[in-house]
Amino acid sequence: MRYFWGRVGCGGAWGGGGRGGGGGGGGDDLKPQRLDYLNEALALERQGDYDAALTSYRLALRDHPNDARILQNMAIAFTKTRRYDEAIRHYRRALELDGSLAGAHYGLAFLLLQRGDPDGAAQHLKTFLAHPPRGPDAQKWIEHANQTLHDLRTSGGARGDAAAPARAADERTGSS
């Protein structure tokens with residue numbers, strides 16, 4: 001487990017709080033404080049360090065094993081590192097925990113499409129479109145999903161959109 005160390009009793013930037021009961025008298029008592037692994041992972045992703053981000057996501061997941069949003073973010077990072085099987089597994093687990101995660105349906109749809117499962121992709125696109133996300137970028141994802149679903153219907157399910165997983169990886173829907 002990673003910690004940063006703050007001086008107890010100093011307040012301010014070192015973290016506050018009084019000293020624990022009894023003992024010692026020296027002013028150098030240290031108290032471990034846990035890092036925020038999720039925010040660390042998001043920051044690492046913004047810097048393009050997806051492998052380090054995945055390490056932080058794993059630590060966040062250890063602390064919160066049933067957090068569907070952490071699993072969704074891990075799936076996105078796995079997609080960006082071209083570890084598609086892991087991405088699919090994490091999207092599916094996220095959806096087991098929270099079937100309403102629009103971003104997980106969206107991302108999983110395009111990975112399934114890439115893997116040659118147009119029926120599975122269509123199912124997740126329909127679910128995504130039934131409860132689309134809101135927000136400033138939502139319309140472009142909705143239009144992309146609609147277009148892909150239309151293409152699937154008119155082409156009999158054969159659509160090879162190699163760029164779709166990369167676009168899907170940019171999606172962080174499900175949070176309004």
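The values are calculated or read from the model by the stated rules, or taken from the named source; none is laboratory data. Bear in mind that the values here come from a model prediction, so they are computed numbers and not experimental data. Don't worry about glycine lacking a Cβ; one is built from the backbone with ideal geometry, like all the others, and counts go over all protein chains shown. Just the protein is used for accessible areas: all its heavy atoms, side chains included, with ligands, DNA and RNA removed. Shrake-Rupley method; radii C 1.70, N 1.55, O 1.52, S 1.80 Å.
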- request: Ignoring everything but the protein chains, give the 1.4 Å probe accessible area of E40 in square angstrom, nearest 10.
  value: 50 Å²
query: Going by a ≥ b ≥ c, the root eigenvalues of the Cα gyration tensor, does the range 57-127 fall in the rounded group (a/c under 1.5), the prolate group (a/b larger than b/c) or the oblate group?
result: oblate
query: Around R92, what is the net charge, scoring Lys/Arg as +1 and Asp/Glu as -1 over all other residues with Cβ under 13 Å from its Cβ?
result: -2
